[in-house]
Amino acid sequence: MPERVLFYDQIARNKRNSIFLIIIILIVFVLLGFVIGMALGPDYFTIIMIASIIISLAYVWIGYYYSDKIAIASAGAKLADKTKYRTLYNAVESMSLASGLPMPKVYIMENPQINAFATGRDPKNAVVCVTTGALEKLEKSELEGVIAHEMGHIANFDIRFMTLVTILVGMIAIISEIFLRSLWFNKSGGDGDRDGRAQIIFILLGILFAILAPLVVQLVQLAISRKREYTADATAVKFTRRPTGLIAALKKIKSDSSMKPHQITKAIAPLFISDPFKKNLDNLMSTHPPLEKRISVLERM
């Protein structure tokens, strides 16, 4: 008989793993700054850092305060009518009470896929969006399981956490790009042959690091996204007090053949409960863990 998984342990384990992964991103960011500084010298490094800080601050401000509006607009979702979508509102209200969270804004997305996502910078400014396919194909308990999963993301501040990770990834990509472009204008050498050779070595290291760093942190970002899905699943069990609804919903998602991914941009794909592009493979470039693994973990709770 497989070992039983306690959802409190699952939530704590995934939170620790996510913190560890974000520390890796910060270390990469610091190393990138050090290599660039050694490669270009203090004058060029100062210019690069000032430019990257200004761009990054603007990116932070827009991403943090308008993440919900950007996601909703990208998905083409509309505010759900309370009368028309009474079942959806009842499910969200029920999970809001179970979680002790404020009632989020409820949006509907015209798409035959069974899917849903949550966004917003904190529980007071949260949004839950569900596809029409989910409303048509899911039973009451299954819909509540899906909503509980999304409320789990809100309760765990996953959206704020992932926004921070996205900002760090963006900052590293921006600094890497500025560094690579600045090499065309940097003709200065060292004061002597030894300094010149040292600077050339750091320039080569900087080029290698600037190319690899965005790829590495993107892989870390995807790993964090996969970890947060397991945590949200465990939190959903906490809210509903049973895993059966979410398990049944994930099984239906797995067998769902409806496809309309062109409506969804890849930038918001990690927000959904399941990969909208149906690339639910167990590899480093996956935004979500395989549905079979998620179902297996839930069945042991």
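Values quoted throughout were computed directly from the atomic coordinates according to the rules given, and no laboratory measurement underlies them. A quick note: this is a predicted structure, and the numbers were derived from the prediction, not measured. Every residue, glycine among them, receives a Cβ derived from its backbone with ideal geometry; neighbour counts consider all protein chains shown.
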Under the definition of Cα pairs under 8 Å and six or more residues apart, what whole-number percent is the relative contact order of the range 80-134? 32
Quick one: order Ile70, Ile154, Ile147 by neighbouring beta-carbon count within 10 Å, fewest to most. Ile70, Ile154, Ile147
DSSP-assigned coil residues among GluC sites (Glu not before Pro) in the range 108-145, each with at most 13 further Cβ atoms within 10 Å: Glu110, Glu139
Quick one: which of Lys124/Lys227; Lys78/Lys105; Lys78/Lys293 span more than 22 angstrom between C-alpha atoms? Lys124/Lys227; Lys78/Lys293
Going by C-beta contacts inside 10 Å, put Ser141, Ser274 in order with the fewest on the left. Ser141, Ser274
For each of Leu204, Leu222, count neighbouring Cβ atoms within 10 Å of the residue's Cβ, then give the residues from fewest to most. Leu204, Leu222
Amide proton proximity set for Tyr107, modelled H, under 5 Å, gap of 5+: Ala80, Val128, Cys129, Val130
